[in-house]
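What follows is calculated from the coordinates using simple rules that are stated; it is not laboratory data. Here the structure is a predicted model, which means the values were calculated and not measured. Methodologically, a virtual Cβ is constructed for each residue, glycine included, from the backbone with ideal geometry; neighbour enumeration extends over all protein chains shown.
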Amino acid sequence: MNRIKTLIVDDESLAREDLAALLRADADLEIVACCADGDAAVRALTTEPIELLFLDIQMPGLTGFDVLTKLPPSRRPHVVFVTAYDEFAARAFEVGAVDYLSKPFTRKRLKETLQRAKSVVRGQDRHELVSRIDSVMAELNRLRALNSPDATRAAVAPPKTPVGVAPSESEGDGRLLFRSDGELHVCTPAEIRWVETVGDYVKLHLGEKSRLVRMTMLNLMTKLNSRHFVRIHRSTTVNLAHIRKVTPSQYGEYVVELHDGTKLKVSRTYMADLRAAL
């Protein structure tokens, strides 16, 4: 089987070299070039048959998005954004089902991304790939055009989902549709007892079971009613309906106890928010 021709674009030399070293360890990939700016990336992409592109977004001169807009459809590879970009732009990537790595990323996260990317590159129709990237660019342009605080909040709200894509989103009737372990799941916010951050995921604790969902806590909080859910720690959010009591702990901190006996630490930073919500 032919190796996948891969291009890396990042203006930070150390980040570029580190990623290249990790990707060279994968026998399925052939690193064609490493580019330090958008102009060099466009030249490489228009002269070499690149199949997989690891693309930084925030670069001097041409941004990663500018690079994509300069490519004719026939030259558009599968894109993995490597970025520390803000939440609503990351949402645009999910909508278009294009992969992205949030800096800093773990080797486990890179491995997951590579598995998905290789599957897409080797099995996906070219027309479908172009269509998916076009949907990302259209969504990004829409989000960029929204330049007010109210518009930014709207940008993270769930847009229409393209065919074949199922990002986590809130349904109009109050249900939550999310993807976990390769399957789609539906629950109501009332079923969620508490949520914790686990690396690049959030873990939803739903009664006797829990689900890992690839989403940030900040993104999830935009989908939950703040009258019912309150953040009690940087990595923990709790459903107020499931709180049985709040008791003092050491050093001026508190502990929330849920009806099922679960005990959760309340950070002093979030204690005022909890008091206001109770």
Scan around Tyr100 for amide H atoms under 5 Å from its own, H built in the peptide plane at 1.01 Å from N, and keep only partners 5 or more places away or cross-chain. Phe81
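Taking a ≥ b ≥ c as the square roots of the eigenvalues of the Cα gyration tensor of region 199-278, is the shape rounded (a/c under 1.5), prolate (a/b larger than b/c) or oblate?
Numbers: a/c = 1.62, a/b = 1.41, b/c = 1.15.
Prolate shape, in that a/c is at least 1.5 and a/b is the bigger ratio.
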Got a sec to turn the phi values of region 256-271 into Karplus ³J(HN,Hα) couplings, 6.51 cos²θ - 1.76 cosθ + 1.60 with θ = phi - 60°, whole Hz, x for Gly and Pro? 8, 10, 8, 5, 8, x, 5, 10, 10, 6, 9, 6, 4, 4, 9, 4
Rounded if a/c is under 1.5, else prolate if a/b beats b/c, else oblate: with a ≥ b ≥ c from the C-alpha gyration tensor eigenvalues square-rooted, which is region 1-61? oblate
In region 186-275, GluC sites (Glu not before Pro) in a DSSP loop with at most 11 other beta-carbon atoms within 10 Å: Glu208
